[in-house]
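Structure record follows, encoded as C-alpha cells.
The values are calculated or read from the model by the stated rules, or taken from the named source; none is laboratory data. Just so we're clear, the structure is a prediction, and the values are computed from it rather than from any experiment. Cβ placement follows ideal geometry from the backbone for every residue including glycine, while neighbour counts extend to all protein chains displayed. Protein only, heavy atoms only, side chains kept; ligands, DNA and RNA dropped before computing areas. Shrake-Rupley method; radii C 1.70, N 1.55, O 1.52, S 1.80 Å.
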Amino acid sequence: MAACTVLRSGRRIDRGRCRGGDAGDVHERPHAHRRPHHGGRPRGRSRIAWALECLAELGFRVLRLKTGTPPRIHRDTIDFSRMLEQPGDEPPRAFSHFTRSLDVDQILCHLTHTTEETHALIRANLDQSPLYTGKIRGIGPRYCPSIEDKVVRFSEKRAHQIFIEPEGRTTHEYYINGLSTSLPEEIQCAILRTIPGLEEAGMIRPGYAVEYDFVPPDQLKPTLETRAIAGSISRDRSTARRDTRRLQPRVSTRASMPRSLFRGARR
C-alpha cells in the first residue's frame, strides 16, 4: 500500500484512499461586537490553519469567502399589524420532484421595510462595521448582501424589504431576512427601532459576519476525488459554507460563488 497521510506527530496512515474534511469549522472567523475571534473547537485553530497550509503546499487553491447573518428577535415583541402578510404557496410545493404533494399547516411570514432613519443610522456607524474597516477581507457572495452594503451601494433607494420569518413551529425566534449585519449589538438594537413593526423588538442574539476558508469544488472530479492527489477524496464540508450557529454544511456551486473565482479554472 502507498502512504496516503503523514500526521503531524510523524505517524503514517497507509490507505489506498484517503478522505479529507474540514474537522468541523473550515477555519471560520466570526466578526461581531468589534471583537473578531476564530471559530472551531478549543485549541483547534492551529490544527486547522496547519491543515490549510498543507493543502496549499500540495497544490490546492484555498480561497476565503465571507457571509453574514441577521439578528434574531422574539415573536412576542413584534407588531405584526404594521406589516404585510406573506402566505406560502397554495398548494405548497416541495423541493423534490419525487414528492407529489405536501399536507402541512403553513406559518405566515411578514414583510416590512427599512426607512430613511435606518439608512442614516447605518451610514453614521459604518466606521464600526468590519466590512468597511478592512477587518474582513474575504470575497462576498453574489446574493444576500449585508444591510450596510445595500445602503451604500443602492443609496438612491429609500427603503429595502425586510422579511420576518419564523425559525420553526415550536420556537419563539424570528429571523430578520434582509438585515444581515456585523455592526455592534447596540447599533443593531437601534436599527430595529427604526423599522415598522419592530420598534419594541426584543433581540435574542445579534447578527454577525463570518469569514471562512474553502477548497473550490472545481478541483474535484465527479467522484469527489481530488485532481491534485490521486486517491484523495474530499468530503462536502471542505467545499462548503457553514453558518456557525446552524451547523448545516452546504456544498458550494458555481451559482452561489463569485464569477471571478472561476476565471481560468480547469474544466
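Per-structure values
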item: Spin-label pair residue 227/residue 86, simplified geometry with 7 Å Cα→Cβ offset, distance in nm; result: 3.9 nm
item: Sulfur and carbon atoms: percent of accessible area, the stretch 99-203 [1.4 Å]; result: 48 percent
item: 11 Å beta-carbon shell around residue 111, net charge (K/R +1, D/E -1); result: -1
item: Straight-distance crosslink candidates among lysines, where the alpha carbon sits under 22 Å from residue 135 and sequence neighbours closer than 8 are dropped; result: 66, 150
item: 5 angstrom amide H check on residue 68, placed H, neighbours 5+ away; result: 210
